[in-house]
Amino acid sequence: MASSSALSSAIGAARDKASARSRGPFVTIKGIRAVAARVIPPLVVLAGFLLLWQMLCSAPTAGLPPPSRVVSEAWDIIANPFFDNGGTDKGLFWHLAASLQRVALGFSLAVVAGVLLGTLVGQSEWAMRGLDPIFQVLRTIPPLAWLPLSLAAFRDGQPSAIFVIFITSIWPIIINTAVGIRNIPQDYRNVAAVIRLNPIEFFFKIMLPSAAPYIFTGLRIGVGLSWLAIVAAEMLIGGVGIGFFIWDAWNSSHISEIIVALVYVGLIGFVLDRLVAGVGLLVTRGTSAA
Amino acid sequence: MSHLTLSQVGISFTRAGKTSEVLREVDLTIAKGEFVSIIGHSGCGKSTVLNIVAGLLKASTGAVLLDGKEVNAPGPDRAVVFQNHSLLPWLTVRENVALAVDKVLAGKKSRTERAEWIEHNLALVNMMHAADKRPAEISGGMKQRVGIARALAMEPKVLLMDEPFGALDALTRAHLQDSIMEIQMRLKNTVIMITHDVDEAVLLSDRIVMMTNGPSATIGEILEVPLKRPRRRLELVEDAAYVHARAAVLEFLYARHAKPASLAA
């Protein structure tokens, strides 16, 4: 897709040069067509979906509001995401920011611990035999099942939510890092041995870059899982956060607000995934091209 | 005077309870500045000899002595040019050489001296023009040049080359062989090169070590190559000494120690 648009813009540029005297248009018909080919299909599908929803939910007996009513009812929170009346009565921005902050903390801890543990498991046969069965069992535990235990341990909602993020996202990071470390070519190890890198230099200069494509696969899965988990965890622990916001809206029967919040949750989850994938692409551009 | 000595070197591998002897009683003495090739059929353990000298494999019996000291771990005094270049794909050409130089010569040269030394070695193999490219962006021959620059930049006592040109096409290979001879004339390194190419062995070496077939491979014969340097491949084609040396190696490999048909690929 990218190459086709690049091609069409190149053709457009060539045509610009040909008609250099009369300064050709910057936006060419072909360029517009290439962009339109990518933008129009999702817009058509979205419009069709909204139309169907509108028709299905327009009956007075419908359980859910149609999109038109969602916008009119929830206009307050759509238009003012930044209000802050104290307590939990805040705009959507503050709820989302609180959730993202928890994810950032829990996920960062999971990245550090996951990469270190994954390296240990990938590097040492003994550690793999000892730890791998435990990991395989622990990783199947649903995120929310950890919440009561962490509440009992931390006696506070905030660290418990962060712990749930941590414990949810760490497994794919550990497992993918271990696979990446195990797949470091013997050649790289030989090079490191000949120039006598010490273990710390070996970790930073050979292991991390060599395993980076695998690590980022784990990070992408991990960040997705942690965003899934935080919404559920916040419904239970309360306080400021998008999960609590949704639960609170349900308790006050503000179905339209729930739908608006879900749209935001989906969009932010998408952005988080793209963000990690983008950083991964940037960091591993040399390795994956090999 | 012996610079590098292999004394009664043997190695066995045990896999699934079965022990197989790959090398036995390898005895070899190499003088300073000598260029020695090890040639043999594939699977005879010639790369194993090199890996033992490099310290990447441990000999089961015997020992390797470099300047009278026993070798039992890898180190930059025995730099290796690997068969498949082994450049780190996430580093540029210059960074690949720098990784080795900055680690190995950290105590010997200042930061600016090291930077100059990196450039010097890249220039030695004519790779200055691609110093900022990544390995994926350069040809196989260029990658091998960088591998050679990285090894030379460590200022090794012995340069070990494991079929350095095996994966290259014939023209590129000839070009690199000429480069190696030219660099060797200047630096007078001690070199051990593994090869399966008879012409390459005769052209480059002062002595050719011919290995018998495995299992339990050992040195079958050592041939002196009495050719003056600089050697030029075109002039050598008709040279009596060259033709004789070439015939001797061919005779060893294909008449006396032909690869058993059951093992030939």
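The values are calculated or read from the model by the stated rules, or taken from the named source; none is laboratory data. Computed from a prediction, not measured in an experiment: that's the story for all the values here. Cβ coordinates were reconstructed from backbone atoms using ideal geometry, including for glycine residues, and neighbour counts include every protein chain displayed. In case anyone asks, the SASA skips ligands and DNA or RNA and just uses the protein heavy atoms, side chains included. Shrake-Rupley method; radii C 1.70, N 1.55, O 1.52, S 1.80 Å.
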Please tell me which of these pairs span more than 24 angstrom C-alpha to C-alpha: B:228/B:259; A:205/B:133; B:32/B:69; B:103/B:133? B:228/B:259
For chain A, what is the relative contact order in percent, using Cα pairs closer than 8 Å and at least 6 residues apart in sequence? 19
The answer for the protein assembly as shown, accessible area per residue at 1.4 Å probe in Å², is 51
Name the residues of the range B:99-114, by number, that are at least 20 Å² less accessible with every protein chain in place than in the isolated chain; the surface is that of heavy atoms, probe 1.4 Å, without ligands or nucleic acids. B:99, B:103
Taking only Cα atoms of chain A, radius of gyration then Dmax in Å: 24.9, 77
Max mean-square fluctuation residue, GNM over chain A, Cα-Cα springs under 10 Å, options A:225, A:131, A:43: A:43
Here the convex hull volume per residue of the range B:98-206, taken over Cα atoms and given in Å³, is 105
Tell me the mean residue ellipticity at 222 nm calculated for the protein assembly as shown from its helices only (DSSP H runs of n ≥ 4, each -39500 (n - 2.57), averaged over every residue, nearest 500). -18500 deg cm²/dmol
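Determine the relative contact order of the range A:189-247: mean sequence separation of Cα pairs under 8 Å and six or more apart, normalised by residue count, in whole percent. Intermediate results must be reported in sequence, preceding the final value.
Numbers: 22 pairs, mean separation 10.3, N = 59.
Relative CO of the range A:189-247 lands at 17 percent.
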Name the long-range amide H neighbours of residue B:159: under 5 Å, sequence gap of 5 or more, or other chain; modelled H, no Pro or chain starts. B:190, B:191, B:192
For chain A, the longest stretch holding no chymotrypsin sites (Phe, Trp or Tyr not before Pro) located in a DSSP loop with at most 13 other Cβ atoms within 10 Å is which? A:83-290
Helix B:240-251: inclination vs chain B longest Cα principal axis, degrees, rounded to 10, gives 60
Charges on Cβ only, +1 for Lys and Arg, -1 for Asp and Glu, centred on the Cα centroid of chain B; of B:88, B:127, B:20, which one is farthest towards the dipole's positive end? B:88
Surface/4 estimate of mean projected area, convex hull on alpha-carbon atoms of the protein assembly as shown, nm²: 40.1
Rounded tilt (10° steps) of B:93-104 against the dominant C-alpha axis of chain B: 80
Kindly point out which whole DSSP H helices in chain A project their C-alpha atoms 15 angstrom or further along the helix axis while averaging a Kyte-Doolittle hydropathy of -1.0 or above. A:2-18, A:29-56, A:92-123, A:125-138, A:157-182, A:208-237, A:255-283
For the range B:1-97, run through the trypsin sites (Lys or Arg not before Pro) and keep only the ones in DSSP coil with at most 14 other Cβ atoms within 10 Å of their Cβ. B:32, B:58
Which angle between 0 and 90 degrees, to the nearest 10, do you get for helix B:140-153 versus the longest principal axis of chain B when only C-alpha atoms count? 80
How many Å² of accessible surface get buried when B and A come together, counting both sides, probe radius 1.4 Å, rounded to the nearest 100? 1800
Please give the Cα centre distance for the range B:164-227 versus the range A:215-234, rounded to the nearest Å. 55
Counting other chain Cβ atoms within 10 Å of each Cβ in A:183-191 and taking the mean gives 4
Using a 10 angstrom cutoff on alpha carbons, build the Gaussian network for chain A and name the most mobile of A:54, A:186, A:136. A:186
Sorted from largest down, what three extents in whole angstroms do the Cα atoms of the range B:1-121 have along their principal axes? 51, 38, 24
Sites removed, the longest contiguous part of chain A containing no DSSP-loop trypsin sites (Lys or Arg not before Pro) with at most 10 other Cβ within 10 Å is A:156-290
Once the dipole of the range A:91-284 is set up with Lys and Arg at +1 and Asp and Glu at -1 on Cβ about the Cα centre, which of A:181, A:277, A:98 lies farthest towards its positive end? A:181
Could you please state how large a percent of the accessible area of the range A:152-290 is carbon and sulfur, counting protein chains only and using a 1.4 Å probe? 68
Which of A:61, A:168, A:88 fluctuates most in a GNM of chain A (C-alpha springs under 10 Å)? That residue is A:61
Carbon/sulfur accessible area of chain B, % of total, 1.4 Å probe, equals 53
